[in-house]
1. Would you confirm whether any residue within region 442-458 is over 20 Å from GLY512 (Cβ atoms), of a type outside the set (Val, Ile, Thr), touching a residue at least 24 places away in the same chain (Cβ under 8 Å) and surrounded by fewer than 21 Cβ atoms within 10 Å (Cβ to Cβ)?
2. Quick test for you: out of PHE190, PHE219, pick the one residue that is of a type in the set (Phe, Trp, Tyr) and modelled with pLDDT of 75 or more.
3. LYS496 passes all but one of (1) in a helix (DSSP H, G or I); (2) without any contact (Cβ under 8 Å) to a residue 60 or more places away in the chain; (3) basic (Lys, Arg); which number fails?
4. Quick check: anything in region 312-330 closer than 30 Å to PRO187 by Cβ, surrounded by 12 or more Cβ atoms within 10 Å (Cβ to Cβ) and in contact (Cβ under 8 Å) with a residue 40 or more places away in the chain?
Amino acid sequence: MSILNKQNTPDKWKNKYFDLLDENEALENTYLDKESLLCKTIVRLSLASTGFSKHLDPHLLRIRQQLKNGLKDAKLKVELERFSTALMTLEEMDSEESKPDASLLFNFLFEHFSEQKTELQHIEAKYEKDGYSNTQYLFVDINDLIDSIQQIEPLTEQDSTTLVINEDDSKLINAQIQHLLEDAEIPELFEAKAKALKDKLYTNIPIVNILEDTASLLFQIKKHLQSEQQEMAMFLAQLTEQLTELGIKASGAHSASKTSAEKRTLLDQSVSSQMFELQTSSKNATHLEPLKQLIHSRLADITRQIQNQQVQEEVERNQIHSELETLTTKIVEMEQESRELHTKLDSAHQKATHDPLTNLPNRLAYDERLETELARWKRYKNPLSILVWDIDLFKQINDNFGHKAGDKTLILIAKLLQHHCRETDFVSRFGGEEFTMLLTDTDSQSALKTAEKIRLVIENSAFNSNGKKLSITISCGITQFTTDDTSESAFNRADKALYKAKNNGRNQCIIG
């Protein structure tokens, strides 16, 4: 038995060696498959994250480049450490950014309109330097540039090989267009078209079609604004003409009155002169008959002059009366037009300072109210607090339930915020899913109590969308104005508190 074991020992270890070799090879193949899958996942995640923050994009690009050499590359480890450091400071860097990133949009335009790349780069540089007070003007400049091209040939199959946009980039460009449209001021006449365009941004419509629809909408808005400007110019021209006419008529009436007075003075002087001559003649007369003839002649002349003066004055009075009636009618018409213009201006101001979806005051109205409240706060030293609200996971609501559900959420939140604050408080839609509140005579602790009450009300509120229950939560950043605060510094502090509430798990209120 012992001899048999000794004879079989070499074969036994040999088989074990080959088994282990096969097992090791299988493990190595599994490891390589997992490494490849991990690299692909990281690359896709980095592509999906591109555009989220311009501070992270260079790191993401370098990570994708290092992944070509595998996970064991030493440079990859260094780059991941740098990315981790940048990610830690992302909150502070992103809080300073006030405008949406439009890099992918411009990259697409550079590819699609290569001959106009220089002009597009000027527009991009102006946008990056905050040269546009409203993103609507950015779209108008892009539209003007594209509109100036006499003929744009459609993409051919050959062109499609040079212009390749993957699905992730297309979604990112759609998201950027959506953010830019949120900041644009859309006239009421085009709200339905703008809403339909925003709905398309949540579908898989090709990006080229989206850009064409956006350009078409903005071109129509531009034409509408130009038409309104022309109408206003015509109205002002008519108003100027009417004022000039009134001035001429008033001047004519004054001149007629002045002329009439001068003629009456001349008549008085003529009568006085003739009466003096009669007196002199009477004293020096030696015969009665010539004196009687002289008196009769002079009296007839005086009577004729007086009658002529009366007739002339009657004509002039009628003329002045007619002109004054015309003047009065013109003034009444101008007063009516002035009231109509005032009503239009009030309506235009209402539209310009209110969000059409929620009917809350918008960011422009917020800036105006904040200026007033800051002046009052500096004068009377009463506490003033600012609250910045942001709907939690709002993008998921749009993605999972549709854009209409997102709009319904915004309307519901707006009503709840407005209903659960005082009349002296000010609520506005700051932009997108973000809202602001100004609480007068309220310190930060009292503001926190108010915010918590509103947060709980919203947490317990829900509505059905296509038969599915949609629950909503909201986060809030709070701060109280201090001595050296400006509107920007206080807002940034509240905004950082909001980011902290988001990072801590959402659905909470934090004082900053």
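1. no
2. PHE190
3. (2) is the only condition that LYS496 fails.
4. no
The values are calculated or read from the model by the stated rules, or taken from the named source; none is laboratory data. Since this is a predicted model, take the numbers as computed values, not measurements. So basically every Cβ, Gly included, is an ideal-geometry build from the backbone, and we count neighbours across all protein chains shown.
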